[in-house]
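A quick write-up on the structure given underneath.
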Amino acid sequence: MFKKNLTWITFAMTGLILALGYFLYQEYIAPFYLNNTSETTQIRLTEDQHVVLIKNPAQDHIFSIELEITGKSADILEILISNPSRTSAYSVRIKGGEVAFTYTTDWFDDTCILDIHPIQNSEDQLTIKSRFIGTK
């Protein structure tokens, strides 16, 4: 008798755990990871570049940003990462050659501005992959 009840309790607990897992996925995991899509922008280093990155319209409450800059540069790159009001800014210099730069930080604005200044203009190209992290 006890073994028969234990089997039903095990099935009930398994069903409860699966239902809870599905609920957590729908309410917390999917909105966080699936609604935060990335955007890819390509630029040529023939002159100074002013790149404006904007969040996905479906996103609310931005709290972080991820930037990945890859490609090739003939010489040093100077990059200024800032918000539109320029109250928050981060400056970086990247050596020439293969570029592989990643930047992740707290970010509370809907827009990010990248001012990219190649010391020596060239036909090289950069790929900027950006992702604003926020809630739905």
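Odds and ends about this structure:
- Residue that is farthest from ILE119 (Cα to Cα), among those in region 50-105 that are buried (at least 16 other Cβ atoms within 10 Å of the Cβ) and of a type in the set (Asp, Glu): GLU66
- Within this structure, ALA19 passes the test of being assigned to a helix (DSSP H, G or I) and of a type outside the set (Ser, Thr, Tyr).
- Taken over region 104-133, the criterion of being β-branched (Val, Ile, Thr), closer than 17 Å to LYS72 by Cβ and assigned to a strand (DSSP E or B) is satisfied by ILE116, THR127, ILE128.
- Within region 65-87, residues that are more than 17 Å from ILE54 (Cβ to Cβ) and without any contact (Cβ under 8 Å) to a residue 12 or more places away in the chain reach no partner that is surrounded by fewer than 16 Cβ atoms within 10 Å (Cβ to Cβ) and not β-branched (Val, Ile, Thr) with beta carbons closer than 7 Å at six or more positions or on different chains.
Every read-out reported here was derived from the displayed coordinates using simple, explicitly stated rules and does not represent laboratory data. This structure is a prediction, so every number in the text was calculated from the model and none was measured. Don't worry about glycine lacking a Cβ; one is built from the backbone with ideal geometry, like all the others, and counts go over all protein chains shown.
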